[in-house]
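Enquirer: I'd like to ask you about the structure that follows.
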Amino acid sequence: MMRRFVIVAHRVPADGDFSLNDLCGSGGRVDVLSRAVSASFLLSNSIRSDVEARLVINTEPRYPRLIRFDSSRLRFLNADERSTAALIRNALSRCTKDGEIESSPGVFVSRAGLVEALSDLENAILLEEGADEPDWRALKDATFVLSDDQNFTPKETERILGTVHQKAGLGERILHTDHCIAAVNHLLDKAEKG
Ligand SMILES: C[S@@+](CC[C@H](N)C(=O)[O-])C[C@H]1O[C@@H](n2cnc3c(N)ncnc32)[C@H](O)[C@@H]1O
């Protein structure tokens with residue numbers, strides 16, 4: 001079974017022009033994406049299989065970018081935010097107009113945005129505080145859509161609601177993006193074990 005996470009980022013520079021010493025400032029909170037990628041894939045001493053994370057970079061501006069991390073080929077993913085930000089920066093700086101390319105093993109980048117990120121999904125679920133908690137055992141090949149540290153814009157919300165099949169919540173409290181992903185992975189692990 002495949003798990004997917006789509007994370008919408010709002011301020012990460014689309015050309016990857018940021019300093020690895022300044023992930024929160026010039027990186028436009030790329031640290032949030034790094035932690036989200038870590039939470040999607042990393043176990044203590046290995047990488048989860050059958051997981052994909054899609055990072056939608058800048059949905060509103062004219063230069064959207066879509067970065068896909070695919071566990072079946074993923075290498076060089078470490079637990080620190082800086083090295084994951086380096087994978088993201090490398091992907092953004094190598095993006096070309098010639099379709100999707102693999103910027104490093106298991107990391108793919110293209111000039112695409114939220115529409116493309118959501119277009120091929122059969123079971124897309126918007127994670128939203130206060131929404132009903134789903135029956136985790138019933139979720140097969142689900143994709144969870146989350147924002148970074150900012151709210152979805154009205155346009156993003158409209159697009160997402162036009163595509164998602166249901167909403168799911170993890171309680172009333174607003175959690176960090178990576179904490180939501182860790183919770184979903186835990187709940188799905190538990191559900192799959194029976
Ligand atoms: C840090 S929150 C976004 C910022 C937040 N809307 C605010 O008011 O500052 C990041 C994302 O995590 C997800 N999220 C946060 N808390 C959640 C919860 N309790 N249940 C489900 N999803 C949650 C949502 O997808 C949200 O867009």
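Enquirer: From the helices alone, meaning DSSP H stretches of at least four residues, give me the mean residue ellipticity at 222 nm for the chain, per-run term -39500 (n - 2.57), in deg cm²/dmol to the nearest 500.
Expert: -9000 deg cm²/dmol
Enquirer: Turning to a different aspect of this structure: Using a Gaussian network for the chain with springs between C-alpha atoms less than 10 Å apart, which of these wobbles most: Thr84, Thr157, Thr177?
Expert: Thr157
Enquirer: In debye, nearest 20, what is the charge dipole magnitude of the chain about its Cα centre with +1 on Lys and Arg Cβ and -1 on Asp and Glu Cβ, if you could check?
Expert: Computed charge dipole of the chain: roughly 380 debye.
Enquirer: Could you please tell me the mean projected area of the C-alpha convex hull for segment 3-193, averaged over all directions and given in square nanometres to one decimal?
Expert: Over all viewing directions, segment 3-193 projects a mean Cα-hull area of 10.1 nm².
Enquirer: Could you tell me which of Gly194, Leu114, Ile67 has its Cα farthest along the dipole of the chain towards the positive end, charges placed at Cβ (Lys, Arg +1; Asp, Glu -1), taken about the Cα centre?
Expert: With unit charges placed on the Cβ atoms, the residue in question is Ile67.
Enquirer: Could you work out how far the C-alpha centroid of segment 98-126 sits from that of segment 1-71, in angstrom?
Expert: 11
Enquirer: Also, quick follow-up: Between Asp135, Asp31, Asp178, which gets the highest mean-square fluctuation from a Gaussian network model of the chain, Cα cutoff 10 Å?
Expert: Highest fluctuation of the listed residues: Asp135.
Enquirer: If you add up the charges near Cys24, with Lys and Arg at +1 and Asp and Glu at -1, over every other residue whose beta carbon is less than 13 angstrom from its beta carbon, what do you get?
Expert: In short, -1.
Enquirer: Quick one: what are the phi-derived ³J(HN,Hα) couplings along segment 121-131, Karplus 6.51/-1.76/1.60 with θ = phi - 60°, whole Hz, x for glycine and proline?
Expert: 9, 9, 9, 8, 10, 7, 7, 8, 4, x, 6
Enquirer: Rank the residues Leu77, Leu33 as a footprinting-exposure proxy: fewest other Cβ atoms within 10 Å of their Cβ go first. Spell out each step's value before the answer.
Expert: Numbers: Leu77 20, Leu33 28.
Fewest to most other Cβ atoms nearby, the residues stand as Leu77, Leu33.
Enquirer: Still on this structure, I have one more. Compare Glu116, Glu128, Glu52 in a GNM of the chain, Cα atoms joined below 10 Å, and give the one with the largest fluctuation.
Expert: Among Glu116, Glu128, Glu52, the largest mean-square fluctuation in the Gaussian network model of the chain belongs to Glu116.
Bear in mind these aren't lab numbers, they're just calculated from the coordinates by the rules spelled out. Because the structure is predicted, anything quoted here is derived from the model rather than measured. Please note: Cβ atoms are built from the backbone with ideal geometry, for glycine as well, and neighbour counts cover all protein chains shown.
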